[in-house]
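Beneath this line is the structure, given in structure tokens, with notes to follow.
The values are calculated or read from the model by the stated rules, or taken from the named source; none is laboratory data. Since this is a predicted model, take the numbers as computed values, not measurements. Counting neighbours? That spans all protein chains shown, and the Cβs are built from the backbone with ideal geometry, glycine included. Side chains included, ligands, DNA and RNA excluded: accessible areas come from the protein's heavy atoms. Shrake-Rupley method; radii C 1.70, N 1.55, O 1.52, S 1.80 Å.
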Amino acid sequence: MGDIAIRVEEIGKQYRIGKREKYQTLRDTLASAFTAPFRKAGMLLRGEGEDPSESDQTIWALKDISFEVQRGEVIGVIGGNGAGKSTLLKILSRITEPTTGFAEIHGQVASLLEVGTGFHPELTGRENIYLNGAILGMKRAEIERKFDEIVAFSEVERFIDTTVKHYSSGMYLRLAFAVAAHLEPEILIVDEVLAVGDAAFQKKCLGKMGDVAKEGRTVLFVSHNMAAISSLCTCALLLGSGRLKVRGTPQSVIEEYLAKTRNDAGVPLSERKDRTGDGRVRFTSVAVLNNRDEVVESVVSGQDISISLDYEILSSEKLDNAIVQIKFAGVLGQPLFACLSRTSSRESLALVPGARLYCDIPRLPLAPGIYTFTIWCSVAGRLEDLVSAAGTLSVADGDYFGTGNLPARTVGDFLVAHTWSTR
């Protein structure tokens, strides 16, 4: 047991649909424990009890999860949307309690699960650094020794004495990650929150996580970036439908995940259950069209293509102020580019019942390979439908440059128009 940092035994987490979980203070917990016998007696006298029908309104976000993490291991946690990754990390971070099972944590834990976790909005950045250090059990002298390094990494020197409620999400994230990584916790837990930052900051964070791992500390890292999982992690877990599907080397688990992703992309959209959103809009089918508006399974580099999306509207009414995105990913799930309606047009989309959406992509700049794409739609700022790996795009060799010479297979994912000359 001395070498075990985390032990998870038969953990399950059940949520009641439509009911928000309440996080209690110590006072709430003590008061609830004291009054519970009286509330129960009162319910029995009034003939009240548990409504059997309510059992149908629950969902298991996690079910029977068991694993151990050795000290110094770097564990990647991967899986599709709704797989239970974030729920697992919240339990390990002691943010929420499991419904069944238990988790043993041996060591100080610093977690970065979402923007704002662990910070008090009414305190300044400086005060939050000291608060987080105190929570980790560090002495003031230790925090002061790391203070300048944390501030320099976060790049928020000018605003360190401003209350963090006035920070942008990027500033919040930079400071939160700097605190979590630099205060030397024995266990560092990081969710996909790094996706909020820009590319330069993500690279900086991944480098710091690599340094933390080399120092022998334990890291749990949730990401959709398979390249990062492959390079940083010594082991990986694949979650699906709230269960642990596979544990193994990063490469073997990534291959299993990508195989499942490709299989999911072959399921008709109308039958996909692994989707999120409020549901006023639901995508029902997707197709790739060539430049003759024919449905195809493969296209060539440099060809004009379109992606068509059929959808249904729950209310059968026109919905204004809609935003739709198609996001393409490479063979390791790494994001490549996105076609976002609000950036390609000054006007927002209006979704009309019975209509069909088209996204036109001129001169497809992708090198030969197989790509997946995720689609999502929001209306008036509310996410309505999101389907990961909604479809695949198979790209074959094409005369992208119009010279008759095909690019080498090692060019990467993108083809970029260019010319050469001597001046």
> Do any trypsin sites (Lys or Arg not before Pro) in region 266-327 lie in a DSSP loop with no more than 13 other beta carbon atoms within 10 Å, and if so, which?
Replying inline: Lys273, Arg292, Lys318
> Picking from Leu173, Leu406, Leu244, which is most flexible by a Gaussian network model of the chain using Cα springs under 10 Å?
Replying inline: Leu406
>> In region 220-348, if the dipole is taken from +1 on Lys/Arg beta carbons and -1 on Asp/Glu beta carbons about the Cα centre, which of Ala287, Ser316, Ala329 is farthest to the positive end?
In response: Ala329
> Roughly what would the spin-label model give for Ala355 and Val295, points 7 Å off Cα along C-beta, in nm?
Replying inline: 2.2 nm
>> If I fit a long axis through the Cα atoms of helix 125-135 and take the longest principal axis of the Cα atoms of the chain, what angle between them do I get, 0 to 90°, rounded to 10?
In response: 60 degrees
> If you build a Gaussian network model of the chain, linking Cα atoms that sit under 10 Å apart, which residue out of Ser285, Ser168, Ser308 swings the most?
Replying inline: Ser168
>> Can you give me the angle between helix 199-214 and the longest principal axis of the chain, using Cα atoms only, in degrees from 0 to 90, rounded to the nearest 10?
In response: 50 degrees
>> Report the gain in length on full extension from Asn321 to Trp420: 0.36 nm times residue separation, minus Cα-Cα distance, nm rounded to one decimal.
In response: 31.2 nm
>> In whole Å, what are the extents of region 286-423 along the principal axes defined by its C-alpha atoms, from largest to smallest?
In response: 59, 35, 31
>> Quick check on the chain: helices-only [θ] at 222 nm, where DSSP H runs of length 4 and up contribute -39,500 (n - 2.57) each and the sum goes over total residues. Nearest 500, please.
In response: -8500 deg cm²/dmol
> Using a probe of 1.4 angstrom, how much of the accessible area of region 198-349 is carbon and sulfur, in percent?
Replying inline: 48 percent
> Hey, how much of the P(r) for region 172-303 falls beyond 24 Å, as a percent of Cα pairs?
Replying inline: 50 percent
>> Could you work out the relative contact order of the chain? I mean the mean sequence separation of Cα pairs under 8 Å and 6+ apart, divided by the number of residues, in percent.
In response: 15 percent
> Hey, quick one: spin label on Lys139, modelled 7 Å out along Cα-Cβ, who in region 82-110 has an amide N within reach, i.e. under 17 Å?
Replying inline: none
> Rounded to the nearest 20 Debye, what is the dipole magnitude of region 271-408 about its Cα centre when Lys and Arg each give +1 and Asp and Glu each give -1 at the C-beta?
Replying inline: 360 debye
> How big is the antiparallel share of DSSP beta bridges in the chain, given as a percent to the nearest 5?
Replying inline: 75 percent
> Under the Kirkwood approximation for Rh and a Cα-based Rg, what ratio Rg/Rh is obtained for the chain?
Replying inline: 1.01
>> Taking the solvent-accessible surface of protein heavy atoms with a 1.4 Å probe, what is the per residue accessible area of the chain in Å²?
In response: 54 Å²
> ³J(HN,Hα) across region 282-296 via Karplus (A = 6.51, B = -1.76, C = 1.60, θ = phi - 60°), whole Hz, x for Gly/Pro?
Replying inline: 9, 6, 10, 7, 9, 8, 9, 10, 7, 6, 10, 6, 9, 5, 10
> Simple spin-label model, 7 Å along Cα-to-Cβ: Asp310 to Ala380 in nm?
Replying inline: 2.8 nm
>> Just want to confirm a number: the relative contact order over region 81-229, from Cα pairs under 8 angstrom separated by 6+ residues, in percent.
In response: 27 percent
>> What distance in nm lies between label points placed 7 Å from Cα along the C-beta direction at Gln334 and Glu97?
In response: 4.4 nm
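Can you give the Kirkwood hydrodynamic radius of region 55-160 from its Cα pairs, in Å with one decimal? List each step's numbers first, then the result.
Values: mean 1/r = 0.0599 Å⁻¹.
It works out to 16.7 Å.
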